[in-house]
Structure formats: C-alpha cells, structure tokens
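What follows draws every value from the coordinates through simple rules; no lab data is involved. Keep in mind that what you see is a predicted model, and the values were worked out from it rather than measured. With ideal geometry, Cβ positions are generated from the backbone for all residues, glycine too; neighbour counts draw on all protein chains shown.
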Amino acid sequence: MSTIRKAIAYILISLIIFSTIIGLLAIWDIIDVQEVMKKVFSSIFLVFVSSVVVLFIFSVLFKDNDKKA
C-alpha cells in the first residue's frame with residue numbers, strides 16, 4: 001500500500017507543477033490560457049467518464065464473484 005500512496009503523491013505533485021507552469025505562462029501572456037483550459041477540462045472529463053465505466057465494470061464483476069463464493 002505504501003508504494004501506491006507514493007505513486008499517487010508523485011502524480012499529484014506533477015499535476016501541481018504542471019498547472020503552476022501553465023499558470024505562469026498564462027500570466028506572462030506566452031500561451032493562450034483559454035485554449036489550454038478547454039483542453040484540460042475536456043481531458044479531465046474524458047478521464048472521469050472512463051474511470052466511471054471501469055469502476056462500474058469492476059463493481060459488477062466483483063459483486064457477481066462474491067455471490068458465487
């Protein structure tokens with residue numbers, strides 16, 4: 001369990017660093033933040049939808065296995 005927590009911590013840290021860099025580039029008008037935010041939100045939505053589907057599949061499969069055992 002400790003390695004999973006470390007991996008999640010590293011992922012969260014990298015997301016924070018990424019969003020900080022995007023924010024700094026937007027403040028200095030190097031990038032257009034509206035386009036970046038549109039892509040970020042659409043990516044987050046896609047990941048959310050796919051994780052909901054995977055969670056549903058696993059909950060159905062594990063629920064069926066628990067009843068049979």
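List of remarks:
- Using alpha-carbon coordinates, inclination of helix 2-27 to the longest axis of the chain, degrees: 30 degrees
- Tilt relative to the chain, helix 33-68 - C-alpha long axis, 0 to 90 degrees, to 10: 10 degrees
- Legend: ranking of residues V33, V60 from fewest to most surrounding C-beta atoms inside 10 Å; resulting order V60, V33.
- Listed candidates [x] 37, 17, 4; [y] 21, 19, 10; [z] 31, 11, 7 - label of the one calculated as semi-axes √(5λ) of the Cα gyration tensor in Å: [x]
- Pairwise FRET efficiency - I8 versus E35, Cβ, R0 = 22 Å, nearest 0.05: 0.15
- Adding -39500 (n - 2.57) for every DSSP H run of four residues or longer, then dividing by how many residues the chain holds, sets the calculated 222 nm ellipticity at -32500 deg cm²/dmol.
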